[in-house]
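K.L.:
Once you've had a glance at the structure underneath, I'll fire off some questions.
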Amino acid sequence: MLPSGEQIAIAHGDQRAVITEVGATLRTYVKGGLPVVEGFAGDELPTGARGQFMYPWPNRVAPSPWTFSGRTSIPIIDDLPTQTHNHGIAKWRPFRIEAVNQNRCLLTLLLHATPEYPFVTEVSVAYHLGPMGLTVTTTVLNRDTVPIPFGIGFHPYIAVTTPTIEGAVLSVPAKSYVQTDARLLPTGLILPVAGTDLDFSTPKSVNGHVLDVTYGDLLRDDSGLFTTTLTDREGGCVEMQMDRNFPYLQIFTGDTLEKGRRRTGVAIEPMTCPPEALRSGKDLLVLEPGQHWAGSWRLRRTDEVA
């Protein structure tokens with residue numbers, strides 16, 4: 001038995017992806033033999049939240065109680081450097097494999113109430129490979145008797161075809177960012193990126209930039225899609241698109257990762273809310289009993305290097 005459980009392989013044309021039973025995690029995704037995400041081996045754990053699904057909250061919450069619908073959550077500390085509870089609790093749970101086709105799979109988790117998250121929810125994650133790349137659709141259903149709060153996110157590390165991300169050009173068409181303190185928790189301020197080193201609304205090199213930043217006020221096309229790209233110095237380009245249900249994006253250049261993983265890829269993380277949303281209520285999603293929510297994002301390689 002592998003640490004991440006059963007391995008689900010899907011394919012379409014020259015695209016291949018592997019999703020794991022534990023956490024509904026995107027372990028690998030390649031196109032034409034080139035990596036789209038920087039994944040991990042089957043006998044490894046996904047360190048650095050590599051490829052993980054973040055639910056029922058993305059990013060960090062402080063380890064002090066918060067209350068919703070008359071129920072109190074008691075978060076734990078699982079990120080020692082920042083003394084926070086990071087990326088939710090679904091990431092280590094085995095999902096039920098509902099369906100597997102050649103180019104699609106569907107995994108579901110019935111998450112029972114715990115001290116960290118005292119609500120009953122059902123969440124499904126569908127991975128689909130097609131002409132437009134890999135599309136990931138998440139559905140959340142309130143299985144409880146009270147309104148429930150939640151947020152979701154995903155943590156893929158976008159791959160480059162070079163040894164490090166030096167020389168890569170990042171595009172993040174966003175107008176603002178969430179200011180954070182030394183623990184990477186929000187200060188309460190959302191500030192404009194214009195005139196700061198965090199402004200990647202015009203594509204620019206990541207050289208010299210140490211990023212672990214939540215972006216907001218994302219600029220979208222007429223269909224409501226937001227597009228961000230990472231282009232390495234060999235011309236390889238990976239594009240991510242997010243629908244309106246993901247109004248935030250985290251960019252992490254991996255500077256604090258373990259040796260051998262630092263600045264070898266860029267985590268581009270679609271999120272429905274900023275850090276600490278379960279306590280602050282900022283853009284927190286709320287479902288009444290029996291209600292459901294769904295959102296999608298897409299990842300693809302758009303320019304293959306020789």
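Read the figures in this text as sums done on the coordinates, not as results from a lab. What you see is a predicted model, and the numbers here were worked out from it, not measured in a lab. No Cβ is skipped: glycine too gets one built from the backbone with ideal geometry, and neighbour counts run over all protein chains shown.
K.L.:
Can you sort Leu134, Leu109 so the residue with the fewest Cβ neighbours within 10 Å comes first? The partial results should precede the final answer.
P.N.:
Numbers: Leu134 26, Leu109 19.
The most exposed by this proxy come first: Leu109, Leu134.
K.L.:
Could you tell me how far the Cα centroid of region 247-303 sits from the Cα centroid of region 22-80, in Å?
P.N.:
With region 22-80 and region 247-303 each reduced to a Cα centre, they are spaced 9 Å.
K.L.:
Rounded to the nearest 0.05, what FRET efficiency is calculated for Arg220 and Thr67 with R0 set to 35 Å and r the Cβ-Cβ distance?
P.N.:
On the way: r = 34 Å, r/R0 = 0.97.
For R0 = 35 Å, the calculated efficiency reads 0.55.
K.L.:
Could you point to the label whose value was computed as Cα Rg over 2.2 N^0.38 Å for the structure here, given (i) 0.94; (ii) 0.99; (iii) 1.08?
P.N.:
(i)
K.L.:
Which order results if Asp14, Asp212, Asp222 are arranged by neighbouring Cβ count within 10 Å, fewest first?
P.N.:
By the 10 Å Cβ count, ascending: Asp222, Asp14, Asp212.
K.L.:
To continue, here is another question. Based on Cβ point charges of +1 for Lys and Arg and -1 for Asp and Glu, what charge dipole magnitude is obtained for the chain about its Cα centre, in debye rounded to the nearest 20? Please list the in-between numbers first.
P.N.:
Working: 26 positive and 32 negative charges, 44 e Å.
I would put it at about 220 debye.
K.L.:
So what is the relative contact order for the chain, in percent, with contacts set as C-alpha pairs under 8 Å and at least six apart?
P.N.:
After rounding, I find 19 percent.
K.L.:
With 10 angstrom as the radius, rank Ser64, Ser176, Ser73 by how many other C-beta atoms surround their C-beta, starting from the fewest.
P.N.:
Working: Ser64 10, Ser176 17, Ser73 23.
So the residues, fewest neighbours to most, are Ser64, Ser176, Ser73.
K.L.:
Could you tell me the calculated FRET efficiency between Ala99 and Asp283, based on Cβ-Cβ distance and R0 = 22 angstrom, to the nearest 0.05?
P.N.:
On the way: r = 31 Å, r/R0 = 1.42.
Computed FRET efficiency for Ala99 and Asp283: 0.10.
K.L.:
At Met132 and Ala194, where each label point lies 7 Å from the Cα along Cα→Cβ, what is the point-to-point distance in nanometres?
P.N.:
3.1 nm
K.L.:
Could I ask something else about it? Taking a label point 7 Å from the Cα of Ala113 along the Cα→Cβ vector, which residues of region 279-295 have an amide N closer than 19 Å to it?
P.N.:
The answer is 279, 286-291.
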